[in-house]
């Protein structure tokens, strides 16, 4: 069972998609979308997690932006070599509002509202995790630094701050997935591993060969890698099972 609903942050509503298991609930899970917004692909991922027993809540964190209206076409153009150069300046323009100082504060605030909602649902027994993709992977780290009650964080090709003091705020295990051809993230990964270790974070980074950014997105023929997607899905579910088992003790 799934339905569209909304939550409220500082007096303003924002849309969310809630996917509910048909059987026993293992825990709650916040699913954070890519930079393309809450689309059918992300809703389908929430549904898949719900089918595995997780009360999955996917917030729409970009509903007020131009990306919400034009993201699908822009995504296709960016991954199309023949249209990429034309699409890049459009992408930069649409991304500009996301760089404004208040955006991150509002976004983490909304995610905290999502956490409190799931944490307060009796069937989750207080076990709430987060998983996100690209934009959502980065904000999975942000929520982990904000919310010490988080059971685990699973970041698909997200960006974490290279700042030990910030990383020390993370109290939960972190599982991170990367494609080896995702050069920007892979370049920073050795330093991030060192900082995570120094910060005392239970951090696991899994790099998959022969793929790059957005390898999990099966709606994008230019980036999808079925082998890496299947392997990361299996590992993500195992991580969530460990978090659920820990919360049941």
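Nothing in this text is a laboratory measurement; each read-out follows from the coordinates by a stated rule. Quantities reported herein were computed from a predicted structural model and do not represent experimental measurements. Using ideal geometry, Cβ is built from the backbone for each residue, glycine included, and neighbour counts are taken over all protein chains shown.
So the values come out like this:
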{"read-out": "Within the chain, helix-based [θ] at 222 nm, where runs of 4 or more DSSP H residues each add -39,500 (n - 2.57), nearest 500", "value": "-14500 deg cm²/dmol"}
{"read-out": "For segment 80-135: rounded, prolate or oblate by the Cα gyration tensor [a/c cutoff 1.5]", "value": "oblate"}
{"read-out": "Percentage relative contact order, segment 2-248, counting C-alpha pairs under 8 Å, at least six apart", "value": "16"}
{"read-out": "Burial ranking of peptide ranges 173-186, 10-23 (average Cβ count within 10 Å, highest at the top)", "value": "173-186, 10-23"}
{"read-out": "Fully extended contour minus Cα-Cα distance, from residue 103 to residue 210, at 0.36 nm per residue", "value": "35.1 nm"}
{"read-out": "Structure-derived Rg and Dmax of the Cα atoms in Å: which label, when the choices are (i) 17.1, 54; (ii) 17.1, 51; (iii) 29.7, 91", "value": "(i)"}
{"read-out": "Global geometry of segment 192-249, whether rounded, prolate or oblate, following the gyration tensor of its Cα atoms and the 1.5 cut on a/c", "value": "oblate"}
{"read-out": "Label point distance in nm, residue 197-residue 52, each placed 7 Å from Cα along Cα→Cβ", "value": "2.8"}
{"read-out": "Cα shape, segment 1-119, gyration tensor, a/c 1.5 rule", "value": "oblate"}
